[in-house]
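The values are calculated or read from the model by the stated rules, or taken from the named source; none is laboratory data. For clarity, every value in this text was computed on a predicted model and none was experimentally measured. Please note: Cβ atoms are built from the backbone with ideal geometry, for glycine as well, and neighbour counts cover all protein chains shown. Side chains included, ligands, DNA and RNA excluded: accessible areas come from the protein's heavy atoms. Shrake-Rupley method; radii C 1.70, N 1.55, O 1.52, S 1.80 Å.
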Amino acid sequence: MLDWLRQRRAQRTLARRAIPDALWALTLARFPFLAHRTDADAQRLRELATLFLADKEFSGAHGLVVDDAMAVAIAAQACLPVLELGLDWYDGFRGIVVHADAVLAAREVVDEAGVVHEYEEELSGEAMHGGPVMLAWRDVADAGESAADGYNVVVHEFAHVLDMRDGAANGVPPLPDRAARERWVEVLTREYDAFCERVDADEDTLLDPYAAEAPEEFFAVASEVFFVAPHELRAEHPAVYELLRGFFRQDPAAHA
Ligand SMILES: [Zn+2]
């Protein structure tokens, strides 16, 4: 879309469909990590969430009704990672499907002997190339409390969306140039390998051990902690914190 047309539409949306004051205040109270920024940034987050709500299509699975408070809770958390990058980073999908609870997905793996093992995996969220993004409301609703553990399903799934913007989910989101990509891969690989060794040794880790599954999960899990428990991430993984600070163009530990 032409820039001026897009801007005019955005202005109209902000004027006509602004998130009501009371609902926004309620959202910040339920999810205090959203408010850990300057007043100007918090205001921009509200505007971005308004535009997100106008652009995306929410649907509830199995008869779940997604009310305004739920949609605003999801939109505000989803917009955190793109507060500085811009909403067009989410242009590649439209749908958000909300389930009441975690979803069981049938999975299978083939072991070294060629034997197929079937199992069920409990998913609190899932992001697919081209969308939709699936979220379990139970986990979204808990995000205020689970922030202390560095857990946030919305940031996790939308970090995957950013990662997949250039194709594969591989822990490397689109970066400005080749030097930035090489630097990213170098730091992420080193930190990921060290993390996997700690998980293998059964050490207690700030990041959920699930991050050891693959580099893309390490990126998504680290992004969660970056936004909801930034001090802890900066203390335990300073190099990862710096990498994410550069990519997201935000410094959440400065205001939390
Ligand atoms: Zn994931």
> In whole Hz, what ³J(HN,Hα) sequence does region 197-213 give by Karplus (6.51, -1.76, 1.60; θ = phi - 60°), x for Gly and Pro?
Replying inline: 5, 5, 5, 4, 8, 6, 6, 6, 10, 5, 6, 4, x, 4, 4, 7, 4
>> I need two numbers for region 55-105: Rg to one decimal and Dmax as a whole number, Cα atoms only, in Å.
In response: 12.2, 35
>> I'd like the accessible area for residue 213: 1.4 Å probe, protein heavy atoms, all chains in place, Å² to the nearest 10.
In response: 130
>> Taking loop as defined by DSSP and a crowding limit of 16 other beta carbons within 10 Å, which chymotrypsin sites (Phe, Trp or Tyr not before Pro) in region 159-256 fit?
In response: none
> In whole Å and largest first, what semi-axes does the C-alpha gyration tensor of region 1-96 yield when each eigenvalue is scaled by 5 and square-rooted?
Replying inline: 20, 18, 13
> Relative to the first principal axis of the alpha-carbon coordinates of the chain, what is the inclination of helix 238-248, with its axis defined by its Cα atoms, in degrees from 0 to 90 and to the nearest 10?
Replying inline: 40
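Rank 137, 24, 4 by accessible area, highest first, at a 1.4 Å probe radius? Numbers along the way, then the final one.
Values: 137 40, 24 20, 4 145 Å².
Sorted by accessible area, descending: 4, 137, 24.
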> Dipole size in debye (nearest 20) for the chain around its Cα centre, Lys and Arg Cβ +1, Asp and Glu Cβ -1?
Replying inline: 1940
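Determine the shape class of region 95-134: with a ≥ b ≥ c the square roots of the Cα gyration tensor eigenvalues, call it rounded for a/c under 1.5, and otherwise prolate if a/b is greater than b/c, oblate otherwise.
Taking the square roots of the gyration eigenvalues as a ≥ b ≥ c, region 95-134 is oblate.
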>> How are the alpha carbon pair distances in region 20-169 distributed across 5 Å bins from zero to the largest one, expressed in percent?
In response: 2, 9, 18, 21, 20, 14, 7, 4, 3, 2, 1, 0
>> Could you tell me which residue out of 96, 134, 51 lies farthest along the dipole of the chain toward its positive end? Charges go on the beta carbon: Lys and Arg +1, Asp and Glu -1, centred on the Cα centre.
In response: 51
> With each run of n ≥ 4 DSSP H residues scored as -39500 (n - 2.57), what mean residue ellipticity at 222 nm is computed for the chain after dividing by its residue count and rounding to the nearest 500 deg cm²/dmol?
Replying inline: -15500 deg cm²/dmol
> Rounded, prolate or oblate: which fits region 108-179 when a ≥ b ≥ c are the square roots of the eigenvalues of the alpha-carbon gyration tensor, with rounded for a/c under 1.5 and prolate only if a/b beats b/c?
Replying inline: oblate
> Along the principal axes of its C-alpha atoms, what lengths does region 92-218 span, in descending order and rounded to whole Å?
Replying inline: 42, 39, 35
> Got a sec? Charge dipole of region 130-256, +1 on Cβ for Lys and Arg, -1 for Asp and Glu; which of 195, 167, 205 is way out at the positive end?
Replying inline: 167
> How large is Rg/Rh for region 172-225, to two decimals, with Cα atoms and a Kirkwood Rh?
Replying inline: 1.01
> So for the chain, Kirkwood radius off the Cα pairs, Stokes-Einstein at 25 °C and 0.890 mPa s: how many µm² s⁻¹?
Replying inline: 129
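With a 1.4 Å probe and all protein chains left in place, how much accessible area per residue does region 46-204 have, in Å²?
Details: 7780 Å² over 159 residues.
Result: 49 Å² of accessible area for each residue.
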